[in-house]
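This report concerns only the one structure given below.
The values are calculated or read from the model by the stated rules, or taken from the named source; none is laboratory data. Predicted model only: the values in this text are computed from it and were never measured. Heads up, the Cβs are rebuilt from the backbone with ideal geometry, glycines too, and the neighbour counts pull from every protein chain shown. These accessible areas exclude ligands, DNA and RNA; they are computed on the full protein's heavy atoms, side chains included. Shrake-Rupley method; radii C 1.70, N 1.55, O 1.52, S 1.80 Å.
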Amino acid sequence: MNLDELRSVQAKERRKDSLQHLRDAFYDDVAAYVNDLRAARDHRADQVSNPFSDDDVRRMSDELETAEEVAEALYERRVGKVVKLASFAAADMPVETEGMTTEERALFDDLVERIEANKATVLNTLAGEVPSETDGADGTTGTNTSSDTDPEADVNPDAATNAHGGTAAAEPDRSVERGPAAEPDPSENADPDAPSAP
């Protein structure tokens, strides 16, 4: 791998609407080339007194920067094509997956799976077949209890529910203990003409 090969691959990818065939380990080869170039540049920089003015250091730095830019642009161009192929495959259209790198094939498979799952969810929703959020784990439809909707339900346990669903007031508690009845004052009802007791 070198910069000329990388540029040639990029130019060919730009000219084609379809993916050009690349070897499985293409990006690994690009990474190895970039890492070797970086190591060589750093080694040369350590050998000279002023690396910023050294021609070899500058040349290798320029080549390194260019290689990284070309590799990124190539990847982005190919990813767009991979996404398009994945959308076709999810729609049961025939697509050509030969020539994808290992990373691109993994992306393609993941995209197809996600698109198919999303499509199924949307179609089920449109058909009204998606379980509602109130459905229980056992498949039964959940219902709201009085404690879920009425904050007073648990406050007054003696409240009774009438036939219309309303809440009737509880009967007052008549079991309150009372003290002994007071004796009547005989002077209040006494006959004023009656003789007084001795």
- Just one of (1) out of contact with any Pro (no Cβ under 9 Å at 6 or more places or on another chain); (2) in a helix (DSSP H, G or I); (3) at pLDDT below 95 trips up Ser49, so point out which. (2)
- Message: Among the residues of segment 1-12, are any open to solvent by less than 90 Å² (accessible area, probe 1.4 Å), of a type in the set (D, E, K, R) and in contact (Cβ under 8 Å) with a residue 40 or more places away in the chain?
- Response: no
- Task: Could you list, in sequence order, all residues of segment 13-57 that are in contact (Cβ under 8 Å) with a residue 60 or more places away in the chain and among the polar types (S, T, N, Q)?
- Result: Ser18, Gln20
- Run down Leu111, Leu22 and say which single residue is open to solvent by less than 50 Å² (accessible area, probe 1.4 Å), assigned to a loop (DSSP other than H, G, I, E, B) and modelled with pLDDT of 95 or more. Leu22
- Message: I'd like to check something: does segment 39-46 contain any residue that is under 25 Å from Glu13 (Cα atoms), modelled with pLDDT of 95 or more and in a helix (DSSP H, G or I)?
- Response: no
- Which one is nearest to Glu104 (Cα to Cα) among residues in segment 25-67 that are surrounded by fewer than 17 Cβ atoms within 10 Å (Cβ to Cβ) and among the β-branched types (Val, Ile, Thr)? Thr66
- Message: If I filter segment 61-69 for residues that are in contact (Cβ under 8 Å) with a residue 60 or more places away in the chain, touching a helix residue (DSSP H, G or I) at 6+ places or on another chain (Cβ under 9 Å), closer than 18 Å to Leu3 by Cβ and hydrophobic (A, V, I, L, M, F, W, C), do I get at least one hit?
- Response: yes
- Counted residues, segment 75-104 - those being in contact (Cβ under 8 Å) with a residue 60 or more places away in the chain and open to solvent by 50 Å² or more (accessible area, probe 1.4 Å): 5
